[in-house]
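The values are calculated or read from the model by the stated rules, or taken from the named source; none is laboratory data. Bear in mind that the values here come from a model prediction, so they are computed numbers and not experimental data. Don't worry about glycine lacking a Cβ; one is built from the backbone with ideal geometry, like all the others, and counts go over all protein chains shown. Side chains included, ligands, DNA and RNA excluded: accessible areas come from the protein's heavy atoms. Shrake-Rupley method; radii C 1.70, N 1.55, O 1.52, S 1.80 Å.
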Amino acid sequence: QVQLVESGGGLVQAGGSLRLSCAASGSTFSIYSSGWYRQAPGKQREFLARISLGGTTTYADSVKGRFTMSRDNAKNTVYLQMNALKPEDTAVYYCNAGGVNSGYWGQGTQVTVSS
């Protein structure tokens, strides 16, 4: 059973930075593509970034240029470096492996950006 555990969330002022981590059981990220999503209260889940097995990254327009996704296969971990944070980035951030519909999800980590 694949397990994903996110960490690194917290409270930060606007303009600040955070780095989220998602640690997986086994060699999950060598088998599945992975992604980061977020969900703010009252809003639908939003795609943020994806990294393919080959290492190609794709970003949502809302975070392009501010967020960077990376992967360390040796540590079975993916990261989301978030810079220039805005209050509208406040949400619960989730890691995914294997796709939205049939993949695996972590429990989420709260990111709160104060103005």
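Which one is farthest from residue 11 (Cα to Cα), of the residues in the range 98-111 that are open to solvent by 60 Å² or more (accessible area, probe 1.4 Å) and touching a residue at least 40 places away in the same chain (Cβ under 8 Å)? Break it down stepwise before answering.
Residues of the range 98-111 open to solvent by 60 Å² or more (accessible area, probe 1.4 Å): 101-102, 104-105, 107, 110.
Pick out the ones that are also touching a residue at least 40 places away in the same chain (Cβ under 8 Å) and you get 104-105, 107, 110.
Working: 104: 26, 105: 23, 107: 18, 110: 8 Å.
For the range 98-111, the residue satisfying everything is 104.
In the range 67-115, which residues are in a strand (DSSP E or B) and polar (S, T, N, Q)?
Those that are in a strand (DSSP E or B) and polar (S, T, N, Q): 68, 70, 77, 81, 96, 109, 110, 112, 114.
Output the residue which, of all residues in the range 8-22 that are assigned to a strand (DSSP E or B) and open to solvent by 60 Å² or more (accessible area, probe 1.4 Å), is nearest to residue 98 (Cα to Cα).
Result: 19.
Give all pairs with beta carbons closer than 7 Å in which a residue from the range 30-57 that is more than 11 Å from residue 96 (Cα to Cα) and free of Cβ contacts under 8 Å to residues at least 24 places away in the same chain meets a residue that is surrounded by 14 or more Cβ atoms within 10 Å (Cβ to Cβ) and aliphatic (A, V, I, L, M); count only pairs at least 6 apart in sequence or on separate chains.
Matching pairs, first to second residue: 57/49; 57/51; 57/69.
For the subset of the range 61-97 comprising residues that are over 17 Å from residue 18 (Cβ atoms) and of a type outside the set (D, E, K, R), which member is most open to solvent (accessible area, probe 1.4 Å)?
Per the stated criteria, the residue is 74.
Run residue 45 past the list (1) open to solvent by 30 Å² or more (accessible area, probe 1.4 Å); (2) touching a Cys at 6+ places or on another chain (Cβ under 8 Å); (3) of a type outside the set (A, V, I, L, M) and report the number of the one that doesn't hold.
The single condition residue 45 does not satisfy is (2).
Taking the options 114, 25, name whichever one is open to solvent by less than 50 Å² (accessible area, probe 1.4 Å), of a type in the set (Gly, Ala, Ser) and closer than 24 Å to residue 3 by Cβ.
25
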